[in-house]
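The structure is given below, and queries will be raised subsequently.
The values are calculated or read from the model by the stated rules, or taken from the named source; none is laboratory data. Given the structure is predicted, the values throughout are model-derived calculations rather than measurements. Positions of Cβ are backbone-derived with ideal geometry, glycine not excepted, and every protein chain shown enters the neighbour counts. The area values use the complete protein model at the heavy-atom level, side chains included, leaving out ligands, DNA and RNA. Shrake-Rupley method; radii C 1.70, N 1.55, O 1.52, S 1.80 Å.
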Amino acid sequence: LSVLSLLILLTLSKISIFFGLLSVLPIIFYPTMKRLNYYPQVFLGLVFNMGVFIGWFAVYDTITLMPFLLYAACALWTVGYDTIYAHQDKIDDLKAGVKSMALLLEDKTTEVVWRMYQVMILLLMIVGLNMHMNILFYLIAAFGAYHLYWQTETLDINNPKDCAEKFHSNIHFGLIILVAIIIGRI
């Protein structure tokens, strides 16, 4: 898969190739983050979303603020949903002596994750404005924002099954935003 990914990457622009190669080392180091600090979810958010730059610069050949805002939005979303996911593993993490934002935030998780989601939505709106999205983008994205509100408002961080359901519900959020983008460009 790595060879196939590299072959695809090499067909893109030089700046896309740069960001693709830049992401290799952090990907290799990600599994050790839980042993080093309480922020493996932040590291995951930063690494996992490097594809924003690869895709953006495959389409646009100029550097603007927009891909960086989109990257930040995606990273915040990843940190949020992965922190929810981490609550499923917190008992095992404690036994294994590894760290996570779930262990760091404890009962403050829903508040912090909701704040991250709010900033993420704001960043998406700014990108939408700069990409000249139509009004339907914002209306549909509002459903996405409500979905994230519901997710954090009803989250039971002490119930692994509920954490798993809320984590998986991010598929719905992603689909809502995809539809918003597609319809917003019509």
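How much of the accessible area of the chain, probe 1.4 Å, is carbon plus sulfur, in whole percent?
Carbon-and-sulfur percentage of accessible area, whole number: 71.
Further, regarding this structure: What distance in nm separates the simple spin-label points at residue 134 and residue 62, each placed 7 Å from Cα in the Cβ direction?
2.5 nm
Find which of 40, 25, 150 sits farthest along the positive direction of the dipole of the chain, computed with +1 on the beta-carbon of Lys and Arg, -1 on that of Asp and Glu, about the Cα centre.
25
In addition: Filter the DSSP H helices in the chain by two things, a Kyte-Doolittle mean of at least 1.0 and an axial alpha-carbon span of 15 angstrom or more, and list the hits by number. Walk me through the intermediate numbers first.
Working: long enough: 66-86 (30 Å, 1.09); 109-130 (32 Å, 1.26); 135-153 (27 Å, 0.81); 170-184 (20 Å, 2.39).
Flagged H segments are 66-86, 109-130, 170-184.
Read through the labelled values (1) 48, 40, 25; (2) 49, 37, 35; (3) 47, 43, 29 and report the label of the one computed as Cα extents along the principal axes in Å from the structure.
Read-out from the structure maps to (1).
Further, regarding this structure: Using all Cα-Cα distances in region 21-106, what percent lands in each 5 angstrom bin from 0 up to the longest?
Here the calculated profile for region 21-106 is 3, 15, 22, 21, 16, 11, 7, 4, 2, 0.
Hey, got the Cα dimensions of region 88-146 along the principal axes, in Å, largest first?
Each principal axis gives a Cα extent; for region 88-146 these are 50, 19, 15 Å.
Run the helix sum for the chain: -39,500 (n - 2.57) per DSSP H stretch of 4+ residues, divided by residue count, reported at 222 nm to the nearest 500 deg cm²/dmol. Please list the in-between numbers first.
Details: 13 runs with 143 residues, N = 186.
Calculated mean residue ellipticity at 222 nm is -23500 deg cm²/dmol.
Could you state the per residue volume, in Å³, of the convex hull enclosing the Cα atoms of region 121-184? Don't jump to the answer; show the numbers that get you there.
Working: hull volume 4.1 nm³, N = 64.
Residue-normalised Cα hull volume stands at 64 Å³.
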